[in-house]
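Every read-out reported here was derived from the displayed coordinates using simple, explicitly stated rules and does not represent laboratory data. This structure is a prediction, so every number in the text was calculated from the model and none was measured. No Cβ is skipped: glycine too gets one built from the backbone with ideal geometry, and neighbour counts run over all protein chains shown.
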Amino acid sequence: MLTFVQPMALWAFAALALPVIAHMAYRQVTNRFLFPSLRFIKPARIPRTGRKTPTDWLLLLARIMLFGVLACLFADPYWKESSPPAATKVGRETVIALDLSPSMSGWTGLSEAKNRLDALLENIEGQVGYVGFGSGVMAEIAPTEEVGLVRSAISQATTGYGSGNPQSGIDRAAKLFSSGAKERNLVLVSDFQRSDWQATYRRLDEEGITVDLLPVGHSRKVGMKREGNLSLAEAKAAPAGPGKVRAWAVVRNSSNEPFETTISIEAGGEIREEKPISVPANGATQAQFILPEGDFASAILKLMVEDELALDNIRHLWLKAPPPRRFGFWSSTNETEETIEEREFLKVAIESAGDNGWNRWLSVQENADGLRIGDLTSELDLLIVTGIGSWFAEEKLEDTLRTYVKGGGFVIVTPSEPFAASVSTLRNADLLDLGFVRVVGGAGATREPFRISALEPGSHLAKTFSGKAARDLYLTGVYRYGLVRPAKAEGVSTPLQSTEGNPFVVQRISPEGGKLTFFPYRLNVRWTDLPMRNSFLPLLMELVRGSKGVIDRSWPRLESGETLVDGEETFRAEKPGTFRFRDRFVEVALAPSESIAEVMEPVETRESLGAGSISRKVLTAGEDLDEEDSKSLWLWFAIAAVILFIVEYLWSRPRRTTALQKETVNA
């Protein structure tokens, strides 16, 4: 049926009288004709007129319709579908929203919920609906008289593995109520774990929905949290020396009492070792296991304890070495002998900086070439631009390199001849704003080489180079370098300087964590003996790593419910375990938030859901316009108004005087 959002605007229908009054007051205007003489024209009387009547009935009708359509337009018309007979006069509707997040499997939460709901369904009145939710809506039943359907769904409900999302369950439950229900009641059954519920919000009172809270799993609640649970909070694998691998775990205790228990590691289908551990109250402890490297691909860590939540007592992890960090080069297509020498030396040096297992660097030039032609999906952890110069601008590589750095990429840049061209290229590409002074020193200079100044105390380089390593670094000689002055800008620094205070390394760190490192000299023996020093490789790795650490190249670790995308394929982490996805080894663990012992107080939950003062009033048509049941007619009325306006304008415009009427009558 037709309804209006702003029914008060229908008073505009009073304007329908305006065209009627205008038509009644209208007087016909006669045309004037010019005659040369009135001699032969006989006088005539003007007949008397009776009651006034509107003129031009069709035009009047068009104008009345135009004013009527405009009045409806102001009232915002909607077409609301009639509710089915079964839903027009229903009484009370109750929707049960059952939390099926992983934490409900602990503290006997789910079994308690089923028992209490079974008793509730015996005495419930009216129609009953059901929503089971975890990380999303897992099951639903619209309000129905068949209570057995709801009872069966609840009895078969099981918890999932994804992190709880109560907002999805509440939003779906609110939509299950029919518009004709006289009373709407939502029963929330949950352990109300704080990590899941603290961000939940919806004003159910404004929708006419009453809320009943049914907390479960609180038998061991003390204050704001529940007692009696240990959790394997973290687990990793790392090298432990030649031919060995270390499995490392962190065990957390959320209780007010200490725990004495045992942790075991299972590999190859057998328990390889067990260790007793003592976990302090509200604290954590570590446990480590050593296994032969290469004998086992994966392992399972288990807490040998019967606590309140069993799901967080197991962690699966891979014992395989992580993938190598990849690097590649950009250089001019017309490479000089100096550039080739520099590139080959850096390639060998970086590959030897790691080892053959857990800390590997691998030269993947095809990935660097792919990035060079604009393929930003090429996996590359370090890009080395040797001898940057005019060729860089000619190939228009500026945008690609800027995007790579903004995406978190690491870049090392060395200059070319002439040095001024390198500085100009960096500045014009908006990569590094440098002022060039001159080239200092020379390859064949007999003077003392330039030395590295003392590192800034507290810097990440100073923490790495101390003792003999620092002495080796300070003995480095630089024979020739470009004297540059970096502009003051956010993220720009000079971590390495000469004893004269001139930059030996200039870095720019992007807000996203990417880093561009510029050496104002070539990394070969003609410019410096740094590549020959024992400190060179640690320096290079520290400059790439920086204060925030190197890129994590460990195998992907996901929480249950998360996804991993690789090209056109997607891996969904449905439950904890170790999995193979394309060329990656994936670890899936229970979300740490599901081990949180803190719970919400009922008053907090009621406030966030608007359940403090609930109105049982059901909104009438016009007060609640559901998009699914109502269709706006505003556009159609607007089109009709435009059409009527055009018709009225064309009909009422002055007509042209005919040529016959324009002629002067001659006697």
What label, among (i) 160; (ii) 300; (iii) 274, belongs to volume of the Cα convex hull per residue in Å³ computed from the structure on display? (ii)
Using Cβ contacts closer than 10 Å as the measure, can you line up MET600, MET104 from fewest to most? MET600, MET104
Relative exposure of LEU2, LEU426, LEU16, judged by other C-beta atoms within 10 Å (fewest first): LEU2, LEU16, LEU426
To check you understand DSSP bridge types, tell me what percent of the beta bridges within segment 325-545 (both residues inside) are antiparallel, rounded to 5. 55
Segment 340-484, relative contact order in percent, only Cα pairs under 8 angstrom and at least six apart counted: 18
What's the local net charge at ASP430, with K and R +1, D and E -1, over the other residues with C-beta under 15 Å away? +1
Give the shape of segment 465-554 as rounded, prolate or oblate, defined through the alpha-carbon gyration tensor: a ≥ b ≥ c are the square roots of its eigenvalues, a/c under 1.5 means rounded, and otherwise the shape is prolate if a/b is larger than b/c and oblate if not. oblate
What is the sum of charges around TYR474, taking Lys and Arg as +1, Asp and Glu as -1, for the other residues whose C-beta is under 14 Å from the C-beta of TYR474? 0
Add +1 for every Lys or Arg and -1 for every Asp or Glu among the other residues with Cβ under 9 Å from the Cβ of SER560, and state the total. -3
Longest to shortest principal axis, alpha-carbon extents of segment 325-545, angstrom: 45, 42, 36
Just tell me, in residue order, which DSSP H segments of the chain are both 20 angstrom or longer along the helix axis (alpha-carbon based) and at least 0.5 in mean Kyte-Doolittle hydropathy. 57-74, 634-652
